[in-house]
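Colleague: Could you have a look at this structure, given as structure tokens, before my questions?
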Amino acid sequence: MRVLLTGADGQLGRCFQDRVPKDWIILQTDAKSLDITDRVAVFDVIDSFKPNIIVNAAAYTAVDKAESDSDIATLVNVIGPQNLAEAALISNAKLIHVSTDYVFDGRAVTPYKEEDITNPLGVYGLTKLNGEQSVLEVNHSAIIIRTAWVFSEYGNNFVKTMLRLGADRQSLSIVADQRGCPTYAGDIARTIVQLIEYGDVKGGVYHYCGDKEVSWFEFAKAIFEQARNAGYAGNPEVKEITTDEYPTPAARPTYSVLDCQKIRQYPNISESDWQAALSNICRKLI
Ligand SMILES: NC(=O)c1ccc[n+]([C@@H]2O[C@H](COP(=O)([O-])OP(=O)(O)OC[C@H]3O[C@@H](n4cnc5c(N)ncnc54)[C@H](OP(=O)(O)O)[C@@H]3O)[C@@H](O)[C@H]2O)c1
């Protein structure tokens, strides 16, 4: 197995490297060594490395910054994936690309299925949706995994932000009227490895997220509970607030729970037990 990994320094990229079977040959590339927006560079790397699989963990993920930086967000989230999809098609490699729950507007009351109508509320979600479409237009065999609320021991994420803020502050006000499913990047990485090992996965969109829905407020409470179990000294009061009380440049869906039945038709794909992962991460970080 020859796997080209893009965005290797991000949360998913790092977790994927940790879980790749030892006998696979992996070319890990980061934003400096392979800018996915550079079409010539993408084609050159794929032509010389000749991967069977391309895992695109590269993305522009700054949800609020994207509102004022839509050109770069579009380049990275639309043009980059399109370059990879075209190069994958020509070189007969399978592309696994990753997208987001923010393609939905959050007006649903039951978990979103893959075919449900999309309607992103912000630039980030729109660029990710356009990226999905540009990939599937040129490469029907590509796999797109939509995931949500990603956290890990690496990079920047809500868990690490909470632990940092909670160490200094007496109280934290956290939004309680947005609900979703936290997802451990290691579980997404493991799932990608399993799909690759299975081999015969139909192209298209698949949902994959953590097994229990919560609000950001409930997620924060869970983080501090697990952190204290691991010896964390911070003990901030966590207060509920509404989205209106915490305005952000990008609007976010109030409900973005994903239905993960479709991906679980494949053997060994298990749910992402985010609470277990959170407990492990707290033990690593504290
Ligand atoms: N994080 C979340 O909460 C979340 C939620 C839902 C879906 N997702 C999706 O899950 C996937 C993985 O997210 P993540 O949290 O692992 O993201 P991440 O930690 O932000 O990592 C993304 C990586 O992509 C790199 N990158 C940016 N522009 C690039 C370019 N032009 N060429 C090559 N690499 C480039 C970044 O490098 P620099 O840091 O040097 O820019 C970074 O290392 C993404 O598709 C994301 O949209 C994430």
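The values are calculated or read from the model by the stated rules, or taken from the named source; none is laboratory data. As the structure is a computational prediction, the values presented were derived from the model and not from experiment. Quick reminder, even Gly has a Cβ in these numbers, built from the backbone with ideal geometry, and neighbours come from all protein chains shown. With ligands, DNA and RNA removed, areas are computed over all heavy atoms of the protein, side chains included. Shrake-Rupley method; radii C 1.70, N 1.55, O 1.52, S 1.80 Å.
Colleague: Filter region 37-84 down to residues that are surrounded by 24 or more Cβ atoms within 10 Å (Cβ to Cβ), touching a residue at least 60 places away in the same chain (Cβ under 8 Å) and outside any helix (DSSP H, G or I) and give me whichever is nearest to the ligand (Cβ to nearest atom).
Modeller: Ala59
Colleague: State yes or no: is Ala87 within 14 Å of the ligand (Cβ to nearest atom), assigned to a helix (DSSP H, G or I) and within 23 Å of Trp24 (Cα to Cα)?
Modeller: When the stated conditions are applied, Ala87 passes them.
Colleague: For the condition closer than 29 Å to Ile143 by Cα and in contact with a strand residue (DSSP E or B) (Cβ under 8 Å, 6 or more places away or on another chain), what is the one hit in Ile241, Ile192?
Modeller: On the way: Ile241 fails: closer than 29 Å to Ile143 by Cα.
From the options Ile241, Ile192, the qualifying one is Ile192.
Colleague: Within region 270-281, identify whether any single residue is within 18 Å of the chain's Cα centre (by Cα), at pLDDT below 95 and crowded, with 17+ Cβ neighbours inside 10 Å, and answer yes or no.
Modeller: Yes - at least one qualifying residue is present in region 270-281.
Colleague: Regarding region 109-128, can at least one residue be identified that is near the ligand (Cβ under 10 Å from one of its atoms) and under 28 Å from Asp200 (Cβ atoms)?
Modeller: Going residue by residue through region 109-128, those that are near the ligand (Cβ under 10 Å from one of its atoms) are 124-125, 127-128.
Those still in the list that are under 28 Å from Asp200 (Cβ atoms) too: 128.
Scanning region 109-128, I find at least one residue that is near the ligand (Cβ under 10 Å from one of its atoms) and under 28 Å from Asp200 (Cβ atoms), so the answer is yes.
Colleague: Report the residue count in region 214-246 for those that are free of Cβ contacts under 8 Å to residues at least 40 places away in the same chain and open to solvent by 40 Å² or more (accessible area, probe 1.4 Å).
Modeller: Restricting attention to region 214-246, the residues satisfying the condition of being free of Cβ contacts under 8 Å to residues at least 40 places away in the same chain are 214, 221, 225, 228, 244.
Those still in the list that are open to solvent by 40 Å² or more (accessible area, probe 1.4 Å) too: 221, 225, 228, 244.
Total satisfying the criteria: 4.
Colleague: Of everything in region 147-184 that's closer than 14 Å to Thr61 by Cβ and assigned to a strand (DSSP E or B), which residue is most open to solvent (accessible area, probe 1.4 Å)?
Modeller: Per the criteria, the residue is Val150.
Colleague: From Thr191, Thr161, Thr118, which residue is among the hydroxyl-bearing types (Ser, Thr, Tyr) and over 21 Å from Asp9 (Cα atoms)? Can you show your working first?
Modeller: Details: Thr191 fails: over 21 Å from Asp9 (Cα atoms); Thr161 fails: over 21 Å from Asp9 (Cα atoms).
After applying the criteria, what remains is Thr118.
Colleague: List pairs: first residue in region 132-149 and within 16 Å of Val201 (Cβ to Cβ), second residue crowded, with 21+ Cβ neighbours inside 10 Å and of a type in the set (Asp, Glu) anywhere in the structure, Cβ distance under 7 angstrom, at least six positions apart or on different chains.
Modeller: Ile144/Glu132; Arg146/Asp101
Colleague: Within region 85-114, take every residue that is of a type in the set (D, E, K, R) and touching a Ser or Thr at 6+ places or on another chain (Cβ under 7 Å) and give me the one that is surrounded by the most Cβ atoms within 10 Å (Cβ to Cβ).
Modeller: Asp101
Colleague: Within region 259-276, does at least one residue satisfy the condition of being of a type in the set (D, E, K, R), out of contact with any helix residue (DSSP H, G or I) (no Cβ under 9 Å at 6 or more places or on another chain) and part of a helix (DSSP H, G or I)? Write out each step before concluding.
Modeller: Pass one, region 259-276, residues of a type in the set (D, E, K, R): 259, 262, 264, 271, 273.
Checking which are out of contact with any helix residue (DSSP H, G or I) (no Cβ under 9 Å at 6 or more places or on another chain) leaves us with 259, 262, 264.
If we keep only those that are part of a helix (DSSP H, G or I) as well, we get 264.
Yes, region 259-276 contains a residue that is of a type in the set (D, E, K, R), out of contact with any helix residue (DSSP H, G or I) (no Cβ under 9 Å at 6 or more places or on another chain) and part of a helix (DSSP H, G or I).
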